[in-house]
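See structure below.
Each value in this text was obtained by applying a stated rule to the coordinates, not by laboratory testing. This is a predicted model, so every value here is computed, not measured. Cβ atoms come from the backbone with ideal geometry, glycine included; neighbour counts cover every protein chain shown.
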Amino acid sequence: MISFALEEDQQMIQETVRKFAAEALRPKLREHEKAGALPGALRQKFHELGLGLLDAPEAAGGQGASLTTLALVQEELAFGDPGAAVALWAPHLAAQAILCLGDEAQQQRFLGRFADPKGFTRTGAVGYCERAAPLAGFHTTAKRQGAGWVLNGKKAFVVEGGSADLHVIFAQLDGTSGWDGAAAFVVEAGNSGLKGGERQRLLGLETVKVAEVILENCQIPDGNRLNPTDFRAGVLEMFARGGLINAARQVGLARAAYEFALDYTQERKAFGKPVAHFQAIAFTLAEMATDVEAARWMVWRAASELERGEGTPLAEAVAHANEAAWRVADNAVQLLGGAGYVQDYPVEKWLRDTKALALFGPPSEAADLAVAARELGEPLSGLPSSTLQPFFT
Amino acid sequence: MIDFQLTSTQAQVKEFAHQFSKTVVRPISLEADRNHRIPDEFMLRLSQMRQMMTVGEVPAEYGGEGGGAGESKDKKGKTQKNRFALIGAEELAWGDASVLLSLPGPGLGGPPVQFTGTPEQRQRFFSVFKEPGLHYGAYGLTEPGAGSDVAGIRTSCRKDGKHWILNGRKCFITNGGRADWVVIFATVDPSQGRAGHRAFVVEKGTPGFSLGKIEEKMGLRASETAELVLEDVRIPDENLLGGEAHYARGKEGFMAAMKTFDSSRPMVGVLAVGIARAAYEHARDFVREHYQLARAIPRYAVLAQTLAEDKRLVDAARLMCWRAAWMADEGVPNAKEASMAKAYAAKMAMKVCADAVQILGAHGLEQQQFVEKWYRDIKVFDIFEGTGQIQRIVISKRILRESPNF
């Protein structure tokens with residue numbers, strides 16, 4: 001039945017996260033930006049609210065939240081600060097990879113450390129992307145050595161790369177090529193074969209630490225090779241969930257920019273009245289409000305359909321939310337004028353953040369081509385197969 | 001629970017309406033457009049079919065008929081009427097929006113009779129639709145000098161014993177020429193603004209009430225758009241919607257005019273969605289048939305990107321319309337959301353229809369390809385039922401703390 005109604009528990013968690021975002025994220029937005037990191041106390045608070053492993057199944061120490069709940073939470077977090085939304089979520093990324101690719105015993109073993117009360121101090125990282133990666137598979141290699149594996153290679157654009165307590169590294173089994181020979185390995189803290197490269201400075205989302213990960217004769221036991229029933233399906237699910245989360249963040253960012261501009265233009269006066277009372281400004285605000293809503297319903301539909309195993313609405317939502325958020329953030333800067341461009345106000349940051357966020361999910365172009373391929377009933381030959389994979393993991 | 005799946009009954013309504021649209025409506029679409037008229041025998045067959053159909057198979061396009069699909073109440077006394085109506089209407093508009101607008105029934109005149117009329121008036125004016133033959137209601141608000149500025153209407157009404165005398169002109173009235181009755185909005189005194197408005201049901205054949213002309217339009221040509229003339233038309237008290245007491249509170253007449261839009265704007269929005277979807281699907285199938293690897297890949301990729309973008313715009317607009325309809329079903333005020341849905345859908349649909357013409361290239365201009373018709377049809381969706389600009393005024397007045405004076 002077509003319904004836009006939230007369940008009672010969804011309303012509660014939405015309210016909780018909204019309050020957290022308003023009190024702990026938004027007021028500290030610039031402080032966290034300058035520090036380039038989030039304080040431990042903030043991560044602890046986030047953990048204590050039960051958001052630590054929100055999306056993991058209860059058996060793995062999580063809350064078993066649905067994808068629609070996940071979308072609601074991400075919208076609120078990003079409404080507070082998109083950068084914090086990404087940084088706070090880092091353990092989930094690794095957890096998600098383990099959930100999608102690990103067997104039950106591995107899930108128990110690796111996720112426990114995030115779920116326990118001290119889990120907030122631990123972050124996870126996913127090493128997937130490579131500079132100039134092959135069309136299918138990876139340049140990073142995994143070689144058999146005795147009962148274990150040795151990893152060699154370089155991973156790019158890794159959130160918490162090198163500093164996380166646990167890395168999930170994607171690599172190519174020695175002597176293979178393409179997806180059939182690809183696998184994922186868990187590298188635990190203290191492994192001297194894994195090093196973080198220099199931190200990469202970003203256009204936006206400064207709170208998020210991104211670095212290369214360098215693997216030099218990184219030795220790991222056989223039990224740390226994730227053991228999926230279907231590797232490709234696991235990877236697709238991991239990226240689908242990540243794409244959804246990121247699209248929901250774009251909605252939160254857009255709402256933040258819209259509401260800020262809505263307030264500002266009613267305070268700011270020109271020619272004797274609030275600038276919002278000029279039609280050119282009011283109409284722009286009306287379009288921004290509409291953009292935010294349309295993007296939100298696209299994300300909600302994607303979440304609800306993804307639960308059912310239907311992925312096309314997600315590809316639509318990704319491109320739609322990226323476009324809408326950029327347009328709204330740009331309008332917000334424009335409506336604030338000079339005030340929109342200076343750092344006294346957050347809107348200039350949101351215009352940078354939205355571009356960065358667009359690369360933390362699947363690129364809009366790949367998403368659009370996935371939709372077209374489906375609609376035209378054929379793979380688009382000559383174009384890279386689209387896995388909805390992000391640039392940043 | 002957040003959900004976007006149709007119920008099995010809704011899926012049936014959708015499938016039925018789609019098949020009907022595809023096999024019955026679409027085949028007459030081009031000819032009706034050329035002739036500026038849908039043949040009476042076609043409409044008659046349509047209305048007979050409609051009467052034979054059991055409840056639940058035909059969407060109740062507009063409130064007031066009762067017993068339509070989705071009208072059964074749940075435990076909280078809520079219906080899914082608006083959602084059902086949107087699902088059926090999208091499919092029919094996919095076939096031809098003109099046919100949909102020409103369907104016999106109270107049309108836009110339904111809501112004011114339903115919401116403002118007394119039980120006796122509802123009974124009296126709705127009963128005509130149960131009689132055999134083609135019966136229409138219509139909605140007369142727009143005038144040559146007042147469209148968007150509803151408060152500026154000049155059609156006058158003055159009390160004369162137990163009657164009212166109406167004088168003025170109404171224009172752009174859908175089905176106005178053939179309507180059994182038209183809800184006419186008039187003013188007792190233009191200087192009173194909205195408080196001076198009264199809504200009357202003016203019946204066909206009332207002396208002094210005549211047809212000016214039938215408009216020839218850019219699109220939706222098969223839909224009748226009429227000019228109506230009122231010259232000393234005597235209307236009995238019983239035809240004042242809601243009775244006189246209803247207007248004692250001030251702006252009731254104006255509110256009656258506006259109330260119509262809460263359910264009609266999402267409906268108009270979803271008609272634009274139906275046309276846009278038709279154009280999108282036509283272009284998609286054209287690409288599928290004509291471009292398969294026959295062109296260099298970059299050209300193909302650009303087409304693919306355009307199609308994907310259009311697909312998601314259509315879907316987003318539909319969700320906006322569903323949202324406003326869901327609110328209406330829940331009994332939540334939805335004026336802002338209804339305006340958002342309508343404005344968004346119209347804008348999106350114009351782009352999608354223009355893209356379809358472009359994708360078909362020279363073929364896009366040929367009449368037998370349909371897309372040139374949809375390109376003409378769609379423009380009015382950004383004009384009627386409140387222009388895109390009026391929608392933005394409605395939205396901005398509701399999002400700003402104080403109502404701006406523009």
Expected sort for B:MET267, B:MET327 with the fewest Cβ neighbours (10 Å cutoff) up front is B:MET327, B:MET267
Determine the sum of side-chain charges near A:ARG199: Lys and Arg each +1, Asp and Glu each -1, restricted to other residues whose C-beta is under 13 angstrom from that of A:ARG199.
-1
Along each principal axis, Cα extent of segment B:112-253, largest first, Å
41, 35, 26
If the chain between B:GLN192 and B:GLU41 were fully extended at 0.36 nm per residue, the gain over the current Cα-Cα distance would be 49.7 nm
Most mobile of A:GLU160, A:GLU267, A:GLU365 in a GNM of chain A (Cα contacts under 10 Å):
A:GLU267
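What does the charge dipole of the protein assembly as shown about its Cα centre add up to, to the nearest 20 debye, if the Cβ of each Lys and Arg holds +1 and the Cβ of each Asp and Glu holds -1?
1240
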Once amide H atoms are placed 1.01 Å from N in the peptide plane, what residues at a sequence separation of 5 or more from A:LYS209, or on another chain, have their amide H within under 5 Å of its amide H?
A:GLU160
Set the bar at 31 Å for Cα to Cα. Now go through B:LYS78/B:LYS217; A:LYS273/B:LYS336; A:LYS45/B:LYS78; B:LYS342/B:LYS373 and name every pair that lies beyond it.
B:LYS78/B:LYS217; A:LYS45/B:LYS78
Using DSSP loop states and a limit of at most 13 other Cβ atoms within 10 Å to flag GluC sites (Glu not before Pro), what is the longest stretch of chain B containing no flagged site?
B:1-215
How big is the gap, in Å, between the Cα center of segment B:335-406 and the Cα center of segment B:96-159?
24
GNM, chain A, Cα, under 10 Å: largest mean-square fluctuation among A:ASP103, A:ASP55, A:ASP344?
A:ASP344
Would you mind checking which residues have amide H under 5 Å from A:ASP116's amide H? H placed 1.01 Å from N; only 5 or more apart, or other chain.
none
Cα-Cα over 26 Å, subset of B:LYS130/B:LYS204; B:LYS73/B:LYS311; B:LYS347/B:LYS397; B:LYS14/B:LYS347; B:LYS14/B:LYS311:
B:LYS73/B:LYS311
Binning at 10 angstrom from zero up to the longest distance, how are the C-alpha pair distances of the protein assembly as shown distributed in percent?
3, 13, 21, 22, 18, 12, 7, 4, 1, 0, 0
Hey, what number do you get for chain B at 222 nm if only DSSP H runs of n ≥ 4 count, each worth -39500 (n - 2.57), divided across all residues, to the nearest 500?
-16000 deg cm²/dmol
Residue-ordered couplings for segment A:98-115, obtained by feeding phi - 60° into the Karplus form 6.51 cos²θ - 1.76 cosθ + 1.60 and rounding to whole Hz (Gly and Pro as x), are 5, 5, 7, 10, x, 7, 4, 4, 5, 4, 4, 5, 8, 7, x, 5, 7, 7
Okay, helix-only estimate at 222 nm for chain A: each DSSP H run of n ≥ 4 adds -39500 (n - 2.57), divide by all residues, round to 500 deg cm²/dmol; what do you get?
-16000 deg cm²/dmol
Report the trypsin sites (Lys or Arg not before Pro) located in segment A:195-266 that are in a DSSP loop and have at most 16 other Cβ atoms inside 10 Å of their Cβ, or state none.
A:ARG201
Partners for A:LYS349 among aspartates and glutamates (Cα-Cα distance below 12 Å; same-chain residues under 8 apart left out)
A:GLU33, A:ASP81, A:GLU206, A:ASP330
Relative contact order for segment A:231-375: what percent, with Cα pairs under 8 Å and sequence separation of 6 or more?
30
In whole angstrom, the spacing between the Cα centers of segment B:174-233 and segment A:274-303 equals 35
Of A:ALA233, B:ASN35, B:GLY145, which is farthest along the charge dipole of the protein assembly as shown in the positive direction, counting Lys and Arg as +1 and Asp and Glu as -1 at C-beta?
B:GLY145
Dipole magnitude (debye, nearest 20) for chain B, charges at Cβ of Lys, Arg, Asp, Glu
860
May I ask you to evaluate 6.51 cos²θ - 1.76 cosθ + 1.60, the Karplus curve with θ = phi - 60°, for each residue of segment B:264-275 and list the ³J(HN,Hα) values in order in whole Hz, giving x for glycine and proline?
7, 5, x, 5, 4, x, 6, 5, 5, 4, x, 5
If we count every other residue with Cβ under 11 angstrom of A:ARG327's Cβ, Lys/Arg +1 and Asp/Glu -1, where does the sum land?
-4
Chain A: translational diffusion in µm²/s, Stokes-Einstein, Kirkwood Rh over Cα pairs, 25 °C, 0.890 mPa s:
114
Check: C-alpha center segment B:71-95 vs C-alpha center segment A:81-154, spacing in Å is 47
Dipole in debye (nearest 20) - segment A:244-367, about Cα centre, beta carbon charges: Lys, Arg +1; Asp, Glu -1
280
Measure off 7 Å from each Cα along the Cα-to-Cβ vector at A:GLN334 and A:GLN219, then give the distance between these two points in nanometres to one decimal.
6.1
Karplus-derived 3J(HN,Hα), 6.51/-1.76/1.60, for each residue of segment A:78-85, Hz, glycine and proline x:
5, 4, x, 6, x, x, 5, 4
Say the dipole of chain A comes from +1 at the beta carbon of Lys and Arg and -1 at that of Asp and Glu; which of A:CYS218, A:ALA105, A:ALA366 then lies farthest toward its positive end?
A:CYS218
